[in-house]
Amino acid sequence: MAPLLSVEELSKSFAGNQVLREVSFTVEPGEVLALVGENGAGKSTVLSLVTGLLVPDSGRIVHDGAPVSRAWSPHRARAAGIGSVHQELSLNPHQSVAENIFLGAWPSRRGLVRGRDLAARALPLLERVGLDIDPRTRAGRLPLGCRQLVELAKALAGEPRLLILDEATSALDEEQVGAVFRAVRELRERGGSVMFVSHRMAELFAISDRLTVLKDGAVMATREREQTDHDDIVRLMVGRELSDLFPEKVTGPTGEPLLRARDLTVDGACCAVDLDLVPGRILGLGGLQGQGQREVLRALFGLARHTGHVTLDGRPVRLPSPRDAIRHGIAYVPEDRKTEGVHTARSVRDNLALPSLCSLAPGRRLGTVDRAAETRLVGELVERLQVKATSPAQEARRLSGGNQQKVALAKWLPTGPRVLLLAEPTRGIDIGTKREIYHLLRRLADDGLAVLVTSGDTMELVGLCDEVAVLYEGKVVDRLTGPALTEERLVRASVMGTGMGTDPDVKRVLAPDADPKTEPGSVAHA
Amino acid sequence: MTGMTGTVRTEAAAALRGSRAAWAFGVLGVTWLAAILFADGFDSVANVRYLVQTASFLGIVAVGQTLVVIMSGIDLSVSGVVALSAVVCAKVASGTGGGASGIAAALALCALVGAVNAAGVVWLRVPPMVMTLATGTVLSGALLVYTDGSPSSAHLPLLDSLANGRLLGVPWAFVLWLAVTAVAGWLLHLSRTGRYAFALGAGEDAARASGVPLGATAFTAYVSCAVLAGVAGLVLLGFTGTSSLTMGNPYQLLSIASVVLGGTSILGGRGHLLGTVGGALLLTLLTALLISWNLSEGVRQVVLGVLIIGLLLVYARERRT
Amino acid sequence: MRDRITSAVRGNTDLVGLLVLLLVVLVAYQHYDSSLLDPASVTILSAQFLPLILAAAGQTTVMLLGGIDLSLGAVLGLAMAVFATYDAHGAAGVVTAAVAALCAAVAAGAANGTLVAYAGLPPIVVTLAVSFLWSGVTLIVLPQPGGHVPGGLVNAYNNGWNGLAVPALVVALVLAAWKVLRTTRYGLALYAVGGNEHGAYASGLHTRGTKIAGYALAGAFTGLAGIGLAVQTGSADPTIGTPYTLNSIAACVLGGISFFGGVGRMRGTVLGALAIGLLTNLLLFTGISPFYQLIVQGVILVVALALKTYLTREAAV
């Protein structure tokens, strides 16, 4: 039987950075193919080429026995029966769920689209993805997980023969993932095919027939599910031994906390979070995606309006804006690297110098930037963090994700921060740079910085952090440290939302003045 | 070998595309050459002198506009501010005040207008375009009330010599423009404030998360822009001897056109002040050229519009992300 | 019941605010001019407000797509000039003139849309640059104020035709047409592109075509506004269109159209335009110098937008 889709020697580069090298694979009718690979391995790029969002530099895509036309576009892909759910949500928050589901292909009678008709047609699709919502709700009002399912319903509305799911389960709970699997199996039974990308290994093994592993933009291998296992796939993904990926952790007694947060609350995101950041230690914030980790960091950096008490060196501080946080020696490397972490359109030099301008352009020079000092500073930072740029004048958007992240981190170092906040510090970064960043963070901690890291990657938290606080629906449900800090316990606490703690004593040490009255939610649970 | 030259050529082309300010001067040079070759009277020193003198009025406004556009704002109230400064100066000077206090009052008021613009954008979070359009409207209303709709004239020796006098054969207005450009160039490209302005224009979120003082930067840019528009208004008052409510109108669109033709991105964060100088000279030259061909007002505007669009298509497209 | 009202109010804060403003203005208006609700005054007022309402409708279309049209005044002037210089006599002549004027405006709009969709130039720059072009064309068509509109038409428009307020009918028709358009595929596409352009593209929508059609539609509204203005004044003036750029944006802002596209209703814009028009008249009645009009307009614009930003930010947190 001819394959439904065959990808032949696709290559693609962005700004001289080759992200795909002659990638080839096929999707047979009636199968689920999983694309596996680390962040930045090129999975999303392949999918964007198949759905017509990007144009390949070389190679071709054969769909249904014929090569796709040169003017391949999302419009044509959809018309050819390729439905997709992308990582970036494509819903229009201002239109109704039903209008979104049929976007671009609204069923009309005599040219008019009837709202009631639309809603009636949307209902069975919503049912298929296990959603019980009014199709006339505005899409922007739904929680993230529901929106992701609406995306799936939208892809199913086109009656696709090939369904592409790019991290389509990232914001879903177990029950919702089950609904997605049901929809996938249903499609497979009807002879349709699915390409599935997920960072959750268990899901891949639960649903796929074959797994194609990508690494650094090239296909490493394609395996039948029955003939492979978890370890095999990970070895292919990573491509080498990972013994020294994580630096040694420190042992010994903890010092006095530098920054204490008590009852830190951000409306609608996190509630009564207590944290102690200790110099020399790396604290992790774990949990499923979107449990308030991001807002805790943003609150501590003055980017999110919050209530609660924060003390630094025992003195209470107010953090209404990033400038105040920076003045107190707090630095923040945000999750959204391209909009908040670095100025992608500015040069490496400008990015690195930006937070240090007060010292580079002091008042006695009338605020004129000391170019020589700036060059020195930038040179030192590039050298120290091994930033790979053709020159400091190179625009940051031309750097790879890992080097952008290094810039986002490096720019704070000359300001002499005492607290370092990092959100998803290694997302979308290759394994080599990951290792560099882990070791750098440990060195910084050894130099006396207090580090707070959030991550959706449990292995990273377990490997890197001295202690991990697990958030669930905005509350700290568990604190793991020492031998209790294992992937298994971290995942259990993240999913169940209840902690067993490391042990009662440690728990008391970690959150010395935790007051049960400030956590009404947990009281209600009990 | 051909491959080599090919790469060199594409790299050169990329560099040229990258430096959009250079494009403005390139086009200016070509246009000027064409004007000298194909039109009468463009080869005389007197003509050059006249051109740079008239370009100065637009140029000074455009320099201020650049400061605002770089930090991804826009100032549509410059037309009102130009009129404001001329009218107030003329009124005060012809009344009891005298020249110096007239100038001082005019510039102070302009600075105030700039501060109001910045306050609206920063604190009320009104989009810059609406905020400055609104202040512009309020200004023209206020001027109507203040003058009862009639133009007033004043003769200030200082302004007169500033607009019409010469320094070693170079018009004072042009010298003033260059001085203004030098100061603004220092502010934008050499000082801390300038770095902050570029950072703000390149991305407000990243700027905030890097500790850029958003408010102070916006205030500096809008106040500088308004004061420069005020200076242009004063020079214009000296040039024409009268002030009218509509005298600033051409500068609203033309100043923005100069900035964009000078290669500065209207979305902010990219550009060079010198490009604006080229843009203002280019626009003035084009206008003079079109006038010299005795084209009617309508045809002139059509040609100017088409030329601006064409030039923008050649070198001022935004990158698709 | 109360719940439904409160939720309706919460969903439409700016519309409610606008209605309150309108009510206050109307009560004040009634105080100065008690014949406000007579058929005759409805005719007169609608004749006076029609150009602004239609221009604002054009601006709304562009703003819903996430753009802005700074050439609106120039295009309005162009349509007006074309209509009045045709020197129409009789019904057929008027129709020809109107069609010619509309064609000019639609072509101008489509050109704007094409430049925005294909050239990678931001809407503000494109419309700014073409405003030179269109006002130039207007000056070529009509160098000085002048032109001619048949007297019967002017009379019927301004004083009613067989007791019918023609301009009010036109506005009602436009609103009805918009309501129908909103339920067509195109209308949904317009809102979809404005609300999330990348998402719409990734979902297979022809975003460029949608944009071009949207700008062309805006041109049609603007052209109608120009024709209306010519009929109202009985002649044309090449520079009279200029203030409509600002005023149309003001009406949209008051009517709750978002600057970022995809949010807003046409009825809000119409109410916003009405509020601006009534307020202007009210200022005339109160005997304050007409010079103050501009000041009040600017202040109201800023206050309205600042209030809205403040309210939506409160709601978002």
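The values are calculated or read from the model by the stated rules, or taken from the named source; none is laboratory data. Since this is a predicted model, take the numbers as computed values, not measurements. Here the Cβ positions follow ideal geometry from the backbone for every residue, glycine too, while neighbour counts run over all protein chains shown. Just the protein is used for accessible areas: all its heavy atoms, side chains included, with ligands, DNA and RNA removed. Shrake-Rupley method; radii C 1.70, N 1.55, O 1.52, S 1.80 Å.
Out of C:G194, C:G199, report the one residue that is touching a residue at least 12 places away in the same chain (Cβ under 8 Å) and within 9 Å of chain A (Cβ to nearest Cβ).
Answer to the selection: C:G194.
Being touching a residue at least 24 places away in the same chain (Cβ under 8 Å), in a helix (DSSP H, G or I) and at the interface with chain B (Cβ under 9 Å from one of its Cβ atoms) is the filter here, so list the residues in segment A:338-358 that pass it.
Applying the first criterion (touching a residue at least 24 places away in the same chain (Cβ under 8 Å)) to segment A:338-358 yields A:338, A:341-349, A:351-356.
Cutting the leftovers down to in a helix (DSSP H, G or I) gives us A:338, A:341, A:348-349, A:351-356.
Hits for segment A:338-358 are A:K338, A:G341, A:N351, A:A353, A:L354, A:P355.
Among the candidates C:G226, C:G241, C:G261, C:G255, which residue alone is within 14 Å of chain A (Cβ to nearest Cβ) and open to solvent by less than 10 Å² (accessible area, probe 1.4 Å)?
Unique residue meeting the criteria: C:G261.
Give the residue that is least open to solvent (accessible area, probe 1.4 Å), with candidates limited to residues of segment A:435-466 that are in a loop (DSSP other than H, G, I, E, B) and not hydroxyl-bearing (S, T, Y).
Residue satisfying both the conditions and the ranking: A:C465.
Name every residue in segment C:304-313 that is under 22 Å from the mean Cα position of the chain (by Cα) and within 9 Å of chain B (Cβ to nearest Cβ), in order of residue number.
C:L305, C:A306
Kindly indicate which of A:L103, A:L47 is in a loop (DSSP other than H, G, I, E, B) and either at pLDDT 85 or above or in contact with a Leu (Cβ under 7 Å, 6 or more places away or on another chain) (or both).
Numbers: A:L47 fails: in a loop (DSSP other than H, G, I, E, B).
Answer to the check: A:L103.
Would you check which residues across segment A:289-337 are more than 14 Å from every other protein chain (Cβ to nearest Cβ), surrounded by 21 or more Cβ atoms within 10 Å (Cβ to Cβ) and part of a loop (DSSP other than H, G, I, E, B) and list them?
Across segment A:289-337, the qualifying residues are A:Q291, A:G292.
Which pairs turn up if I take residues in segment B:188-208 that are within 7 Å of chain A (Cβ to nearest Cβ) and look for partners that are of a type in the set (K, R) with beta carbon separation below 6 Å, at least 6 apart in sequence or on another chain?
B:A202/A:R346
Looking at B:V68, B:V88, can you tell me which residue is within 17 Å of the chain's Cα centre (by Cα) and away from chain C (no Cβ under 13 Å)? Lay out the reasoning, then the answer.
On the way: B:V88 fails: within 17 Å of the chain's Cα centre (by Cα).
Selected residue: B:V68, the only one of B:V68, B:V88 that is within 17 Å of the chain's Cα centre (by Cα) and away from chain C (no Cβ under 13 Å).
Collect the residues in segment A:45-75 that are facing another protein chain (nearest Cβ under 8 Å) and without any contact (Cβ under 8 Å) to a residue 60 or more places away in the chain, keeping them in residue-number order. Even if it seems obvious, please write down each step before you answer.
First, the residues of segment A:45-75 that are facing another protein chain (nearest Cβ under 8 Å): A:51, A:53, A:73-75.
A:L53, A:S73, A:P74, A:H75 - these are the residues of segment A:45-75 that are facing another protein chain (nearest Cβ under 8 Å) and without any contact (Cβ under 8 Å) to a residue 60 or more places away in the chain.
For segment A:90-124, which residues satisfy the criterion of being more than 8 Å from chain C (Cβ to nearest Cβ), of a type in the set (K, R) and over 36 Å from the mean Cα position of the chain (by Cα)?
A:R109, A:R110, A:R116
Applying the selection to segment B:253-289, what residues are open to solvent by 10 Å² or more (accessible area, probe 1.4 Å), within 10 Å of chain C (Cβ to nearest Cβ) and not in a helix (DSSP H, G or I)?
Those that are open to solvent by 10 Å² or more (accessible area, probe 1.4 Å), within 10 Å of chain C (Cβ to nearest Cβ) and not in a helix (DSSP H, G or I): B:I266, B:L267.
Go through segment C:264-284 and give me each residue that's polar (S, T, N, Q) and open to solvent by less than 20 Å² (accessible area, probe 1.4 Å).
Passing the criteria: C:T269, C:N281.
With modelled with pLDDT of 90 or more, in contact with a Cys (Cβ under 7 Å, 6 or more places away or on another chain) and not hydroxyl-bearing (S, T, Y) as the only criterion, which of A:L283, A:L381, A:L300, A:L352 stands out?
A:L283
With (1) outside the structural domain of A:L480 (by TED's automatic domain parsing); (2) of a type outside the set (D, E, K, R); (3) in a loop (DSSP other than H, G, I, E, B) as the list, and A:G252 as the residue in question, which single condition is left unmet?
(1)
Pick out, from segment C:145-242, the helices (runs of 4 or more DSSP H) lying fully within it that include 1 or more residues that are modelled with pLDDT of 90 or more.
C:166-182, C:185-195, C:207-233
Search segment B:155-179 for residues being modelled with pLDDT of 85 or more, assigned to a helix (DSSP H, G or I) and out of contact with any strand residue (DSSP E or B) (no Cβ under 8 Å at 6 or more places or on another chain), and hand back the single one that is most open to solvent (accessible area, probe 1.4 Å).
Only one residue fits best here, namely B:L178.
How many residues does segment A:114-148 hold that are surrounded by 16 or more Cβ atoms within 10 Å (Cβ to Cβ), modelled with pLDDT under 85 and of a type in the set (A, V, I, L, M)?
Of the residues in segment A:114-148, 1 are surrounded by 16 or more Cβ atoms within 10 Å (Cβ to Cβ), modelled with pLDDT under 85 and of a type in the set (A, V, I, L, M).
Six or more apart or on different chains, Cβ under 8 Å: which pairs go from a residue in segment C:159-184 that's without any contact (Cβ under 8 Å) to a residue 12 or more places away in the chain to one that's of a type in the set (D, E, K, R) and open to solvent by 50 Å² or more (accessible area, probe 1.4 Å)? Could you list them?
Here the result reads C:T183/A:R114, each pair linking segment C:159-184 to a residue that is of a type in the set (D, E, K, R) and open to solvent by 50 Å² or more (accessible area, probe 1.4 Å).
In segment C:117-145, which residues are more than 11 Å from chain B (Cβ to nearest Cβ) and either under 21 Å from the mean Cα position of the chain (by Cα) or open to solvent by 20 Å² or more (accessible area, probe 1.4 Å) (or both)? Reasoning before the result, please.
The initial filter retains those residues of segment C:117-145 that are more than 11 Å from chain B (Cβ to nearest Cβ), namely C:117, C:145.
The one that is more than 11 Å from chain B (Cβ to nearest Cβ) and either under 21 Å from the mean Cα position of the chain (by Cα) or open to solvent by 20 Å² or more (accessible area, probe 1.4 Å) (or both): C:P145.
Are there helices (runs of 4 or more DSSP H) fully within segment B:1-90 with at least 1 residues that are at pLDDT 85 or above, on the phi < 0 side of the Ramachandran plot and of a type outside the set (V, I, T)? List them. Break it down into steps so the answer makes sense when it comes.
Numbers: elements: B:2-18, B:20-38, B:45-70.
In segment B:1-90, the matching helices (runs of 4 or more DSSP H) lie at B:20-38, B:45-70.
Test of understanding: among B:V113, B:V68, B:V88, which residue is of a type in the set (V, I, T) and closer than 30 Å to B:I291 by Cβ?
Numbers: B:V113 fails: closer than 30 Å to B:I291 by Cβ; B:V88 fails: closer than 30 Å to B:I291 by Cβ.
Only one candidate passes the filter, namely B:V68.
Tell me, yes or no, whether segment B:140-154 has at least one residue that is within 14 Å of chain C (Cβ to nearest Cβ), modelled with pLDDT of 85 or more and either under 20 Å from the mean Cα position of the chain (by Cα) or not in a helix (DSSP H, G or I) (or both).
Yes.
Within segment A:370-394, can you find the residues that are crowded, with 18+ Cβ neighbours inside 10 Å and either within 10 Å of chain B (Cβ to nearest Cβ) or assigned to a helix (DSSP H, G or I) (or both)?
Going through segment A:370-394, the residues crowded, with 18+ Cβ neighbours inside 10 Å turn out to be A:374, A:377-378, A:381-382, A:385, A:387, A:389, A:392.
Hits for segment A:370-394 are A:E374, A:L377, A:V378, A:L381, A:V382, A:L385.
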